[in-house]
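The values are calculated or read from the model by the stated rules, or taken from the named source; none is laboratory data. Computed from a predicted model, the values in this text were never measured in an experiment. Every residue, glycine among them, receives a Cβ derived from its backbone with ideal geometry; neighbour counts consider all protein chains shown.
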Amino acid sequence: MTINLALEYIPKRMEELGHGKNYTIRFRHLVMQGNETQSLDASNQFYYLVEEAEQVRVESETGVFDLSEKAVNEMQYEHQGKMQISNYLSGINHLRFIHVIPKNQEQ
């Protein structure tokens, strides 16, 4: 997914999920050290991977993105819930996400 595609997709997706325009967007650029693993809690939030990253695995409650994975039939660019991000490289790797945070609505 590219940044432009994500920025076109996100408003439609948030509308579909009932958030309308009540959300905040942040650009996240993770710099992963060699063989590093990070955990993120994206409960009630969304992370959109906006570049294909090699030698990395992003696993969340909504699916997996790992170009080296042979056992999955679909790569996910939208992630939510508990996320585990692993850099397979022995050197630094970069991951770019658009982070979408729905705002709380009083009913």
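For residues in region 42-66 being part of a strand (DSSP E or B) and of a type in the set (S, T, Y), which is modelled with the lowest pLDDT? Steps first, please.
Step one: filter region 42-66 for residues part of a strand (DSSP E or B), giving 42-49, 56-60, 63-65.
Retained after the next criterion (residues that are of a type in the set (S, T, Y)): 43, 47-48, 60.
Numbers: S43: 92, Y47: 97, Y48: 97, S60: 97.
The qualifying residue modelled with the lowest pLDDT is S43.
Among the residues of region 1-36, write down those that are of a type in the set (K, R) and over 13 Å from the mean Cα position of the chain (by Cα).
Filtering region 1-36 for residues of a type in the set (K, R) gives 12-13, 21, 26, 28.
Correct list: K12, R13, K21.
Condition first: hydrophobic (A, V, I, L, M, F, W, C), closer than 16 Å to I101 by Cβ and loosely packed, with under 12 Cβ neighbours inside 10 Å. Now tell me which residues in region 18-41 satisfy that. Talk me through it step by step, then tell me what you get.
First pass over region 18-41, keeping only residues hydrophobic (A, V, I, L, M, F, W, C): 25, 27, 30-32, 40.
Checking which are closer than 16 Å to I101 by Cβ leaves us with 25, 27, 40.
Once the filter is applied, which keeps residues that are hydrophobic (A, V, I, L, M, F, W, C), closer than 16 Å to I101 by Cβ and loosely packed, with under 12 Cβ neighbours inside 10 Å, region 18-41 yields only F27.
Of all residue pairs spaced 6 or more apart or on separate chains, those with beta-carbon atoms under 7 Å, a first member in region 19-30 that is free of Cβ contacts under 8 Å to residues at least 12 places away in the same chain and a second member that is not β-branched (V, I, T) are G20/M14. Assess whether S39 counts as being in a strand (DSSP E or B), within 14 Å of the chain's Cα centre (by Cα) and modelled with pLDDT of 95 or more. So S39 passes the test. Evaluation of H29 against the conditions (1) closer than 19 Å to L5 by Cα; (2) at pLDDT below 95; (3) in contact with a strand residue (DSSP E or B) (Cβ under 6 Å, 6 or more places away or on another chain) shows that the sole unmet condition is (2). The residue that is nearest to E52 (Cα to Cα), counting only those in region 77-107 that are outside any strand (DSSP E or B) and modelled with pLDDT of 95 or more, is Y77.
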